[in-house]
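Worksheet: the structure to be examined is printed underneath.
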Amino acid sequence: MRALFLALLVVAGPLWAEDWKTTHQGQERGDIFTYAREVDNSPVKAFKGIVEVKASMASVLAVLTGVDNFGEWIFQIKGAERLSADHQERIHMRFKGIWPVSDRDVVLANTLTQESGSGTIILHSVNAEGFPPKQDGYVRIPALDNQFVLTPMEDGWIRVQFETFVDPGGSVPVWLANLVATRAPYETLEGLKEQLEKPRFANARREDLPALPGMDQLEW
């Protein structure tokens, strides 16, 4: 199985990593692969991580939508709350700054979609404006685009691809921003794998998931 997986990586790797520089190379199925790439007109690199997990779609979605548990696994997070504004879900997230930069926060709007045929589910998050108002002690992140792509595979495996571009706002040394680009995808996906071992998520069912926009349209 390991030899077969590594052979598949030789074929699939260039498709995963097109225009991306590898920052961490896994060795076998279940290992994490991470990438970073330059972004036009931005000093901050985009980053991406990929891992295959033996889990149900409900389990992975339960981790990704369990806002109360974000502090257990997302890179540098201080806290998160689910908000409501004009009948639309918003997630307020706060992140610990790495010296010498200040703490950051962001308000995200999420959408869930599914590709026909493949069954791939995409959780897409972008920054939303104006709710809640800016808070003392935090620099509001002006731009963030993040997506988790969940692709069902044979034998009960799911490929999780996590891709982010963020403009942290304010003054951030380029070396620090790009350090985050190498650490964030690895540590976040490592945290995701750990959460999937917990009974709350390992035993999650569809009815345990929050009623997010698009959730009722998903099929699996």
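The values are calculated or read from the model by the stated rules, or taken from the named source; none is laboratory data. Keep in mind that this is a model prediction, so the values were computed, not measured. FYI the Cβ positions are ideal-geometry reconstructions off the backbone, even for glycines, and counts take in every protein chain you see. These area figures cover heavy atoms from the full protein model, side chains too; ligands, DNA and RNA do not enter into them. Shrake-Rupley method; radii C 1.70, N 1.55, O 1.52, S 1.80 Å.
For this structure, a couple of remarks:
- Restricting region 154-167 to residues that are farther than 13 Å from PHE75 by Cβ, touching a strand residue (DSSP E or B) at 6+ places or on another chain (Cβ under 9 Å) and modelled with pLDDT under 95, the residue that is most open to solvent (accessible area, probe 1.4 Å): ASP155
- Residue that is under 25 Å from ARG37 (Cα atoms), of a type in the set (Asp, Glu), touching a residue at least 40 places away in the same chain (Cβ under 8 Å) and open to solvent by 20 Å² or more (accessible area, probe 1.4 Å), where the choices are GLU187, GLU194: GLU187
- Residue match in region 120-127 (condition: in a loop (DSSP other than H, G, I, E, B) and within 19 Å of GLN217 (Cβ to Cβ)): yes
- In region 6-31, the residues that are surrounded by 14 or more Cβ atoms within 10 Å (Cβ to Cβ) reach residues that are modelled with pLDDT of 50 or more and assigned to a helix (DSSP H, G or I) with C-beta atoms within less than 6 angstrom, at least six apart or across chains, in these pairs: THR23/THR182; HIS24/TYR186.
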